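The values are calculated or read from the model by the stated rules, or taken from the named source; none is laboratory data. For clarity, every value in this text was computed on a predicted model and none was experimentally measured. So basically every Cβ, Gly included, is an ideal-geometry build from the backbone, and we count neighbours across all protein chains shown.
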Amino acid sequence: MKKNGFTLIELLVVIAILAILIALGSKGLRSARINAKKAQAMIEMKSIETAIKAYMNKYGRLPAADVLQGQAEPKFDEDFSKNIIAILTAEDLVLNQAEIIFLEPQGNTLDGTFLDPWGQQYVIALDTDYNKQVVIEGEVVRRKVALRSIGLYTLGNEANTNALINSWQ
């Protein structure tokens with residue numbers, strides 16, 4: 001007697017094959033999302049660099065407070081980065097007296113911080129002593145401006161320095 005339909009073994013084999021395909025696909029999708037966020041971070045860091053260079057062309061100096069001008073290695077922390085972004089977005093009118101918006105502010109934060117795709121603030125370092133090099137988190141970079149995104153690094157990849165995204169690479 002012939003029965004129509006699938007046996008239990010056939011059904012389990014099909015389910016196992018589908019589970020394997022879904023697992024492989026989700027890993028590829030996660031990798032694609034990370035690569036897209038890395039690209040977004042690079043674009044945003046280049047935008048910030050361009051805004052800083054535009055500021056330099058307008059004012060003839062880096063967008064940093066007078067007390068930091070000429071200082072060899074100021075502390076480049078979250079407050080420093082917030083102050084730079086405030087100058088570039090024309091929120092700080094002391095160092096941007098012409099009220100030029102060099103950088104469009106992000107709409108997803110209330111305090112004007114510029115966040116990377118993982119929700120971490122960008123680290124901004126400037127060559128405030130004008131010796132054509134910057135020290136950013138212990139690394140010497142031969143540039144006037146250097147930015148770093150640490151968002152991917154803070155997602156549990158502490159031992160993987162490849163998770164740091166730098167504007168100079």
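When Leu103, Leu68 are checked against the criterion of being modelled with pLDDT under 85 and touching a Ser or Thr at 6+ places or on another chain (Cβ under 6 Å), Leu68 stands alone in meeting it.
Scan the stretch 7-15 and give yes if some residue there is hydrophobic (A, V, I, L, M, F, W, C), touching a Phe, Trp or Tyr at 6+ places or on another chain (Cβ under 9 Å), in contact (Cβ under 8 Å) with a residue 24 or more places away in the chain and in a helix (DSSP H, G or I), otherwise no. Looking for residues that are hydrophobic (A, V, I, L, M, F, W, C), touching a Phe, Trp or Tyr at 6+ places or on another chain (Cβ under 9 Å), in contact (Cβ under 8 Å) with a residue 24 or more places away in the chain and in a helix (DSSP H, G or I), one finds none in the stretch 7-15, hence no.
The set of residues from the stretch 132-148 being of a type outside the set (D, E, K, R) and in contact (Cβ under 8 Å) with a residue 12 or more places away in the chain comprises Val134, Val135, Ile136, Val141, Val145, Ala146, Leu147. Candidates are the residues of the stretch 25-76 that are hydrophobic (A, V, I, L, M, F, W, C), touching a helix residue (DSSP H, G or I) at 6+ places or on another chain (Cβ under 9 Å) and free of Cβ contacts under 8 Å to residues at least 60 places away in the same chain; the one that is surrounded by the most Cβ atoms within 10 Å (Cβ to Cβ) is Ala51.
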